[in-house]
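Engineer: Questions regarding the structure given below will be posed in turn.
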Amino acid sequence: MYRLIPVLLLVAACNSPQEGPVNVLVFYTDDQRFSTIGALGDEDVQTPNLDALVRRGTVFTHAHTMGGQHGALCAPSRSMLMTGRPLFRLHARGDSIPPNHIMMPEVLAESGYMTFGTGKWHNDRSSFARAFQAADNIFFGGMHWPNQGGHEAPHLNEFDSTGAYPRSARRQVEGYSSMLYADAAIDFLADARTMDQPFFAYVSFTSPHDPRTPPEPYASWYHPDSVSLPPNYLPEHPFDNGELYVRDERLREHPRTEAIVREELALYYGMISELDAEIGRVMDALEANGQLENTLIVVAGDNGLAVGSHGLLGKQNLYEHSMRVPLIMAGPGVPSNERRSQLVYIFDIFPTVAEYLGIALPPTVEGESLRPIIEDPQLPGRGAVFYAYRHFQRGVRTTDGWKHIQYQVDGTHTEQLFDLNTDPHETQNLATDSTYVAQLHELRELLMTESVYWSDPLDLTAPNWGR
């Protein structure tokens, strides 16, 4: 079980409603693409609890991850969330978080918060030990492999006061992963009622990451024949993007028939509805304990997923379905039932939380607080967002809806240009249309500028990108 370690409350200002909420509750989902929330327009999926949070708070409809340097995009995404740092300024490709990259829960703990974690930690064990003073049902890894218990009987760690978390201490726990993480959070929230300090609770789900095995009744909620194909469905990707046979893309056979995609989407939606129910259980506990009105709630996803879009299943690509993620913020000071369409990154969450709490940021944080945009929707936000995947995919999207992707795969250079205003599903490549020569040139230049700005190790001016 988790163990609470009392710490001195240093920041009394956080208790003032004028200064911001006392508590912070972060839900982080795994492989959930931005569009899979009913209240945001997806008529196929049922998410009543996420819908309620949409109504309760402010949604960032264009939140992005920046990508990754290997196929396990979950790891750098979590490093970006926790450190407020961009992709190429993480340590060890984001797989581990060194002590000099100060994490959000570390900053809050120093300011008097009790920090609690449960669920997936796809980074090193020592950084988890630094981050959390209380924990239970901890999963160190990327996914629940079917031959290791799957979601139904995952291998988890209890809280370790020494911070060692040896692999030998893992235990196999019966119960669906999302339920086990919600159980741990609910137990913590019950004990938090008696604490004389605010809390930071991080609930990091492993769903809806495959294996796509939703439990009943959610496995029966969606029949493949009733699920809509995505507008950008293709049996095969039109060219080699460098990662057509990564693990995610080998989960089902090629080509992706309509039946295959419908089957995968039905299971995917079942997992999302189960995940939604567990979020609802935690929210019910928060309200029952009298903590709801004074808690800042963040719901975010680590990255998206194709699940049949563009002939792909995985997340190892730079299309909207893989780079855009859910991001909802609710709580004191956050407007209800509002949308913000400005371009933002996952690593903007840390500085946003800190500003709401009135806590100073360490100099290692490079994200931008979203509070100004929340309070004034007319502010422009970022002019562009930059994407990168391994050494052969780079992309950029502008605030006015243009998107450009370049690929360098086995000596073949491919370009895409999309007008997301008229083609939000990225089905019409305009890169070879002479009408858009000037636009393509402008985006090429912007891509190189963004690449340099974000410390991309590749030289995109080189014929082979510096390899």
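Engineer: Work out the charge dipole of region 212-267 with +1 on the Cβ of Lys and Arg and -1 on the Cβ of Asp and Glu about the Cα centre, then indicate which of Ala219, Val261, Asn232 is farthest towards its positive end.
Structural biologist: Result: Ala219.
Engineer: PRE reach from Asp160 (point 7 Å along Cα→Cβ): which of region 115-133 fall under 17 Å by backbone N?
Structural biologist: 117-133
Engineer: Does region 329-467 come out rounded, prolate or oblate by the C-alpha gyration tensor, with a ≥ b ≥ c the root eigenvalues, rounded set by a/c under 1.5 and, if not, prolate when a/b is larger than b/c and oblate if not?
Structural biologist: Verdict is oblate for region 329-467.
Engineer: Moving to a separate point now. Per residue of region 435-452, in order, report the coupling 6.51 cos²θ - 1.76 cosθ + 1.60 (Karplus, θ = phi - 60°) as ³J(HN,Hα) in whole Hz, putting x for Gly and Pro.
Structural biologist: 3J(HN,Hα) across region 435-452, in whole Hz: 5, 10, 4, 5, 5, 5, 4, 4, 6, 4, 5, 5, 4, 5, 5, 5, 4, 5.
Engineer: Moving to a separate point now. Given the protein chains as shown and a 1.4 Å probe, how many square angstrom of Asp160 are accessible, to the nearest 10?
Structural biologist: Only protein atoms counted, so the area is about 30 Å².
Engineer: For region 46-203, just say rounded, prolate or oblate: build the C-alpha gyration tensor, square-root its eigenvalues into a ≥ b ≥ c, call rounded for a/c under 1.5, and beyond that prolate if a/b exceeds b/c, oblate if not.
Structural biologist: It is rounded, given that a/c, with a ≥ b ≥ c, falls under 1.5.
Engineer: Multiplying the sequence separation of Thr412 and Thr449 by 0.36 nm and subtracting their Cα-Cα distance, what value in nm do you get?
Structural biologist: Working it through step by step, the gained length comes to 11.1 nm.
Engineer: Still on this structure, please answer the following. With N set to the number of residues, divide the alpha-carbon radius of gyration of region 257-369 by 2.2 N^0.38 Å and report two decimals.
Structural biologist: Values: Rg = 17.4 Å, N = 113, 2.2 N^0.38 = 13.3 Å.
For region 257-369, the normalised Cα radius of gyration is 1.31.
Engineer: When the helix-only estimate is applied to the chain (DSSP H runs of n ≥ 4, each -39,500 (n - 2.57), divided by the residue count), what is the mean residue ellipticity at 222 nm, nearest 500 deg cm²/dmol?
Structural biologist: Working: 10 runs with 115 residues, N = 467.
Helix-only estimate at 222 nm: -7500 deg cm²/dmol.
Engineer: Hey, rough spin-label estimate for Glu216 and Gln378, points 7 angstrom out along Cα→Cβ, what's it come to in nanometres?
Structural biologist: The answer from the label model is 5.7 nm.
Engineer: Calculate, for region 265-379, the solvent-accessible area per residue in square angstrom, rolling a 1.4 angstrom probe over the heavy atoms of the protein chains.
Structural biologist: 25 Å²
Engineer: Apply the Karplus curve 6.51 cos²θ - 1.76 cosθ + 1.60, θ = phi - 60°, to the phi angles in region 57-73 and return the couplings in whole Hz, x for Gly and Pro.
Structural biologist: For region 57-73, the Karplus-derived couplings read x, 10, 9, 9, 7, 10, 8, 9, 8, 9, x, x, 9, 7, x, 7, 5 Hz, x marking Gly and Pro.
Engineer: Something else now. Label-point separation (nm) for Glu236 and Arg281, each offset 7 Å from Cα along Cα-to-Cβ?
Structural biologist: 4.4 nm
Engineer: Same structure again: Write down the radius of gyration of the chain and its Dmax, each obtained from C-alpha positions, in Å.
Structural biologist: Cα only, the chain: 21.3, 67 Å (Rg, Dmax).
Engineer: Now a separate question. What length, rounded to one decimal in nm, is gained on full extension from Arg55 through to Ala153, with 0.36 nm per residue of separation minus their alpha-carbon distance?
Structural biologist: Working: separation 98, 0.36 × 98 = 35.28 nm, distance 3.41 nm.
So the extension gain works out to 31.9 nm.
Engineer: Still on this model: For region 354-367, just list the computed ³J(HN,Hα) in residue order, Karplus coefficients 6.51, -1.76 and 1.60, θ = phi - 60°, integers in Hz, with x standing in for Gly and Pro.
Structural biologist: Computed from phi, the couplings for region 354-367 are 4, 5, 5, 8, x, 10, 5, 8, x, x, 6, 7, 10, x Hz.
Engineer: Separation between the Thr364 and Leu420 pseudo-spin-labels, each 7 Å from Cα along Cα→Cβ, expressed in nm?
Structural biologist: About 3.0 nm separates the two model spin labels.
Engineer: While we're looking at this one, here's another question. Provide the net charge surrounding Phe34, with neighbours chosen by a C-beta distance below 9 Å and charges set as Lys +1, Arg +1, Asp -1, Glu -1.
Structural biologist: +1
Engineer: Cβ under 11 Å from Ser79's Cβ, Ser79 left aside: what net charge do those residues give with Lys, Arg +1 and Asp, Glu -1?
Structural biologist: Summing Lys and Arg as +1 and Asp and Glu as -1 gives +1.
Engineer: A further question follows. Quick check on region 321-389: take the gyration tensor over C-alpha atoms, sort the square-rooted eigenvalues as a ≥ b ≥ c, and tell me if it's rounded (a/c under 1.5), prolate or oblate.
Structural biologist: Oblate, since a/c reaches 1.5 and b/c is not below a/b.
Engineer: For a quick protection proxy, order the peptides 431-442, 133-144 by their average other-Cβ count within 10 Å, most packed first.
Structural biologist: 133-144, 431-442
The values are calculated or read from the model by the stated rules, or taken from the named source; none is laboratory data. Not measured: the values here are computed from a predicted model. So basically every Cβ, Gly included, is an ideal-geometry build from the backbone, and we count neighbours across all protein chains shown. Note: areas computed on protein heavy atoms with side chains; ligands, DNA, RNA excluded. Shrake-Rupley method; radii C 1.70, N 1.55, O 1.52, S 1.80 Å.
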